[in-house]
1. Regarding the stretch A:49-133, what are the three Cα extents along the principal axes, ordered largest first, in Å?
2. Which percent of Cα-Cα pairs in chain A sits in each 5 Å bin, short to long?
3. Going 7 Å from the Cα of B:Glu126 along its beta-carbon direction, which residues of the stretch B:83-110 have the amide nitrogen within less than 17 Å of the resulting point?
4. Can you give the percent of C-alpha pairs in the protein assembly as shown whose distance is more than 39 Å?
5. Give the separation of the Cα centroids, the stretch B:160-204 to the stretch A:205-222, in Å.
6. Order these by the 10 Å Cβ neighbour count, fewest first: A:His191, B:His202.
7. With each label point set 7 Å from Cα along the Cα-Cβ vector, what nm distance links B:Glu33 and B:Thr218?
8. Indicate the gyration tensor shape class of the stretch A:130-286 (rounded, prolate or oblate), computed on the Cα atoms with a ≥ b ≥ c the square roots of the eigenvalues: a/c under 1.5 is rounded; otherwise a/b larger than b/c is prolate and the rest oblate.
Amino acid sequence: MSIKLTGVSYIYQPKTPYEYQALKNIDLEIGEGDFIGLIGHTGSGKSTLIQHFNGLLKPTAGEVAVDGLNIAAKDVKLKTIRQKVGMVFQYPEHQLFEETVSADIAFGPKNMGVPEGEITAKVKKAMQMVNLDYKKYKDLSPFGLSGGEKRRAAIAGVLAMEPKYLILDEPTAGLDPRGREEILAQVEKLHKQGITVVLVTHSMDDVARLVNRLVVINHGEIVYNDAPRQVFSQDQSLQQIGLDIPTVAQLMLRLKEKGWPVRTDLLTIQEAKEEILKVVRGVGHA
Amino acid sequence: MVKTMIVITDLVHQYNTPQGEIPALQGVSLKIEQGDFVAIIGHNGSGKSTLAKHLNALLLPHAGQVLINGLDTSDKDKLWQIRQQVGMVFQNPDNQLIATTVEEDVAFGPENLGIEPAKIRVRVDEALSSVGMKEYYRRAPHLLSGGQKQRVAIAGIVAMRPQILVLDEPTAMLDPIGRREVMDTVLRLNREEGLTVVHITHFMEEAVYAKRVIVMETGRIVLDGPPREVFSQVHALQRLSLDVPAMTELADELSKDGLNVSAGVLTVEEMVTALCP
């Protein structure tokens, strides 16, 4: 089971002077259990792409299938698709609106037609998943929470619909380091619990650490679709399209240029440390 | 002799909320000199933004004193003089742009100051050039990228010819390219025009470029010094769960294993130099 895009193109305002092709012939499969990082700078087509995952946009050409269901087919209900594919937009806390945290989180399942008796259990479970204590938070106003808590409450609102796939569009934007760490730890936990995750982000250091596959998009086309190590070890091409690579990867590439016999597919400080010590102490030279 | 632009003495501020009084600043004392570039880092709730709002009298001290270029912010008669000297840029670019074209937006400040039209023209052109946005002067602000919007917001302030520029997380909502654009602009204004800059940020890689870094926690200043000195205190920063620049952390790790790498390494280039002398 997967989200599968075949030959997907998307054109905004076709047949007008403003016609703009945002996606060009995209082939992409997001398999169950994947943790995918999606990167590309503003205007690259990232947001257009993710809106195809749950049928907010339908392809101008090509096909999008969620668990084998074609999102454009007449007999496929978008409700079914949107229950499977949960979407957390940028600044999701702007969409909080209810008087209490629990009412806000209950809104999604209610709309999906979940019977009244089962809703509380779903709300409790969703709050637990984002580490918001049910008793402590359920009756609080969502607007009195801290930035990080608000965002977690908003994510819980999506999780309450029990999606199989979770798409997060820059979930850490605008948060302080502690808030960022909290959200990423939650996302990592959700993935471990079996949810397929697509993380749209600008932070190369975060994707390097978390995801198993990195999809890089530029001018509406996929330019890389590989493990982060493989993608980041090819410095120049990423920088040419205006993207950074993680600091550690930068260092290893620079050391290699200086003639050090080091690997360039390293991502963490610990890995870099071991590699540098190996070279300095002459191990591996023999 | 260098002029001291900002003198803060034992500043106290608290917010009244339904849950009671929350202390936001608990006795902050600070001097900032003309031409300095000060980065303030710390978590949400550490008091950074409250401090920033005291610099142009958006907030007034509950105890202590704030002097801007010798003017006391508590003195109501000096309010406009202070606001003219201290320009502020906030997080969300969309909340700061008001006019239908870029040049009108930048002209808004000087118009309000009652400057004659011919001089406004000169100021707008100069301000837009100084942020690298001159060719966009006829554009509609809402069609610009985030980084461009923030540069226009900065130009609007530069056109008022302030002495001090206070930026409260101006890059938080921008992508990496926008962030770089804004940082380059602010650094240039500081270096070339001699503007005193107070830059509040969550991004350590921005703080690295400041001349001085101040770390705040629970309404107090806990660390204060040049970036090299502040960031070399890896453990103190980690205890506050603040990020340490990756290269500084690596330098710390390497020196634990007996490698002779200075704790003051901040960037990839410095690390390369340290390893390949």
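1. Answer, in whole Å and largest first: 45, 29, 20 Å.
2. Taking every Cα pair in chain A, the percentages come to 1, 5, 11, 14, 16, 15, 13, 10, 7, 4, 2, 1, 1, 0, 0.
3. Answer for this model: B:84-87, B:106-110.
4. The calculated P(r) of the protein assembly as shown puts 35 percent of pairs beyond 39 Å.
5. That distance is 29 Å.
6. With the fewest neighbours first, A:His191, B:His202 line up as A:His191, B:His202.
7. 3.3
8. Numbers: a/c = 2.68, a/b = 2.01, b/c = 1.33.
Note, shape of the stretch A:130-286 comes out prolate.
FYI, it's all coordinate maths here, none of it is from the lab. This one's a predicted model, so the numbers in the text were calculated from it and none came from an experiment. Cβ coordinates were reconstructed from backbone atoms using ideal geometry, including for glycine residues, and neighbour counts include every protein chain displayed.
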